1. Rounded to the nearest 20 debye, what is the charge dipole size of the range 224-366 about its Cα centre when +1 sits on each Lys and Arg Cβ and -1 on each Asp and Glu Cβ?
2. Against the globular-protein guess of 2.2 N^0.38 Å, express the Cα radius of gyration of the range 171-300 as a ratio, rounded to two decimals.
3. Can you return the aspartates and glutamates within cross-link range of LYS30? Criterion is Cα-Cα under 17 Å, with same-chain partners fewer than 8 residues away left out.
4. So how many Å³ per residue does the convex hull of the Cα atoms of the range 24-165 work out to?
5. Taking 7 Å along the Cα-to-C-beta vector as the label spot, tell me the ARG339-ASP192 distance in nanometres, rounded to one decimal.
6. Determine, for each peptide in 266-274, 164-172, the mean count of other beta carbons within 10 angstrom over its residues, then list the peptides with the highest first.
7. How large is the dipole of the chain about the Cα centre if only Lys and Arg carry +1 and Asp and Glu carry -1, each at its Cβ, rounded to the nearest 20 debye?
8. Taking the alpha carbon gyration tensor of the chain, what are the square roots of 5 times its eigenvalues, largest first, to the nearest whole Å?
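Bear in mind that the values in this text are calculations on the coordinates, not laboratory data. The model shown is predicted, which means the values in this text are computed figures rather than measured ones. We place every Cβ from the backbone using ideal geometry, glycine too, and count neighbours over all the protein chains shown.
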Amino acid sequence: MTEKRIIFHVDLDAFFASCEERENPRFLGKPIVVGADPKEGKGRGVVSTANYTARKFGIHSAMPISRAWRLCASASSAGAPSAIFLPVNSSLYSRVSKSVMKILQDTAQKYDGTFEQVGIDEAYIDISPVCNDCDRNNCIQRIEKIAGTVKNKIRSKEKVTASVGVGPNMLIAKIASDFQKPNGVTIVNPEDVQAFLDPLPVRKIPGVGPKTEAALKQLRVETVLDLRKVPQLILYEKFGKHGIALYESSRGIDERPVGEDAETKSISEEHTFDHDTKSAQKILPVLFRLTQNVLQSALKEEFRAFHTVTIKIRYADFQTHTKSQSGNYQTKNQEAVERLALKLFWPFLNAQKKIRLIGFRVSNFI
Ligand code: TTP
Ligand code: MG
């Protein structure tokens with residue numbers, strides 16, 4: 001790995017659920033689902049995350065909580081331990097996240113590298129300078145040792161586990177960290193990139209969701225190797241700019257630098273109503289509460305200003321819309337941000353359709 005970059009991607013395992021486990025050792029070995037109130041199977045929100053024990057029942061993030069409840073009920077009637085459903089405790093997760101990010105930032109600094117947090121539980125570090133002066137073999141050993149040290153530090157300080165991926169760029173590091181979850185380390189040498197990628201399902205490429213996956217399936221593309229056989233022009237015709245990204249990702253190409261990139265960060269919150277509604281009296285207080293919560297979180301993370309505000313609406317028929325506006329907004333100026341949220345939201349309220357979910361997001365921090 002001598003002339004190439006050495007990028008780490010670190011992602012905590014079942015993050016919200018792991019924080020809950022560490023706070024409550026009596027939960028050990030039990031299935032844990034963090035998210036909306038299941039209300040005995042009648043709850044209408046979604047799962048934020050589930051620990052790996054609960055995932056064995058088929059539970060995953062963003063699944064309706066009512067479905068998770070039913071899956072747990074049938075697992076427990078088949079003899080599995082009954083699941084523990086917990087609400088989201090944001091302040092706990094944000095404390096753990098901060099402390100883990102500090103460990104990663106310090107690691108980057110120690111090796112004269114760079115750091116970029118991309119979500120509450122994941123970050124990249126570029127520590128290329130670490131192998132400036134070593135030969136190939138002891139270079140790999142050094143990387144293994146650093147990965148182990150990072151994991152140990154996180155575990156001993158915060159009692160949660162992380163998975164680490166190492167590769168010559170952010171794309172490969174990200175796919176690698178997911179490769180042996182939980183608590184894994186996967187190192188992909190530059191010369192092994194293609195062999196690592198080829199057998200993977202296309203869904204493993206960041207940015208390939210269910211829609212792209214289905215569209216690729218129509219082209220008889222299921223693995224990265226299949227994707228590599230599709231000419232660039234066809235991908236461009238079918239997917240536009242995203243098609244070019246697919247072409248490059250399938251070849252392991254990614255030249256993005258790792259840096260303090262506030263532009264890619266966002267803070268958001270959503271709310272699913274107990275009953276679909278078009279009542280402004282019911283909806284607007286929730287919109288304002290989401291706005292306040294998001295601004296408070298942004299303040300906590302010391303973001304003083306941001307460029308973009310986005311609102312999200314999901315109607316009862318699951319049609320989902322987002323609307324954004326860019327400008328220069330102060331995190332402390334709650335009133336102005338609320339006014340903007342209201343302005344963006346108003347046309348959707350006037351559509352006279354019942355609303356199921358609303359969301360509020362700020363991004364492009366300054
Ligand atoms: P992820 O890293 O995607 O998931 P995870 O840490 O729970 O599990 P994994 O071991 O696969 O990494 O997300 C981090 C946290 O973000 C997760 O614990 C809960 C939250 N989250 C949601 O609230 N909703 C979602 O849809 C997703 C994907 C995550
Ligand atoms: Mg995670």
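1. Values: 22 positive and 17 negative charges, 107 e Å.
Roughly 520 debye, rounded to the nearest 20.
2. Working: Rg = 20.0 Å, N = 130, 2.2 N^0.38 = 14.0 Å.
Rounded to two decimals, the normalised Rg is 1.43.
3. ASP13, GLU20, GLU21
4. Working: hull volume 18.1 nm³, N = 142.
Once divided by residue count, the hull of the range 24-165 is 128 Å³.
5. Result: 5.8 nm between the two label points.
6. Numbers: 266-274: 17.0, 164-172: 25.2.
Final packing ranking: 164-172, 266-274.
7. Approximately 1300 debye in magnitude.
8. Working: eigenvalues 240, 129, 114 Å².
Output for the chain: semi-axes of 35, 25, 24 Å.
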